[in-house]
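What follows is a set of notes on a single structure, which appears directly below.
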Amino acid sequence: GAKDDATKIVYQASLADTTRSCVRNEANLTITAMVQGRLVAGPEGKAGAVNLPIRVAVTDGDTVLYSELTQHPVTLADASQPTQFIFSKQVSIPATASGLTRVFIGFDEGPKKK
């Protein structure tokens, strides 16, 4: 279909290096999650601001402790040049979480269209 036409791509974004730091006190474990990303304009792209849907989720085994979608604004200064960006999110979860706690960062495309 038309939606798979590569010439109609407005932009492509990718996420690269992720880092996290954790600070624990009696009540909470505070996680600062950071990811480095890259935004490239496609054939239909132009310079300007783009909101990237980035979801941060924290799980403890099968339990989701935290899940939030952020519309992260990135400005593409020049459609012919890729732009690097840093996304950072601070998350607080109960300190009682087990050692199986995992942090996920990724793009959230929303519900799949039928």
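The values are calculated or read from the model by the stated rules, or taken from the named source; none is laboratory data. What you see is a predicted model; the values in this text were computed from it and never measured. No Cβ is skipped: glycine too gets one built from the backbone with ideal geometry, and neighbour counts run over all protein chains shown. Areas reflect the complete protein model, heavy atoms only, side chains present, ligands, DNA and RNA absent. Shrake-Rupley method; radii C 1.70, N 1.55, O 1.52, S 1.80 Å.
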Would you mind computing, in nm to one decimal, how far apart the modelled labels at ASP17 and GLN71 are, each placed 7 Å from Cα along Cα→Cβ? 3.0 nm
Of every Cα-Cα pair in the chain, the percentage lying beyond 25 Å is 34 percent
Could you calculate the contour length gain from THR7 to GLN81, that is, 0.36 nm times the residue separation minus the distance between their Cα atoms, to one decimal place in nm? 24.9 nm
Heavy atoms only, probe 1.4 angstrom, no DNA, RNA or ligands counted: give me TYR11, TYR66 ranked by accessible area, highest first. TYR11, TYR66
Whole-Hz couplings from phi, Karplus 6.51/-1.76/1.60, listed for segment 75-87; x for Gly and Pro: 9, 8, 6, 9, 4, 8, 10, x, 10, 8, 9, 10, 10
Just to confirm a number: summing +1 for Lys and Arg and -1 for Asp and Glu over residues other than LEU52 whose beta-carbon lies under 15 angstrom from that of LEU52, what do you get? 0
Using alpha carbon centers only, segment 66-90 is separated from segment 1-53 by a whole-angstrom value of 5 Å
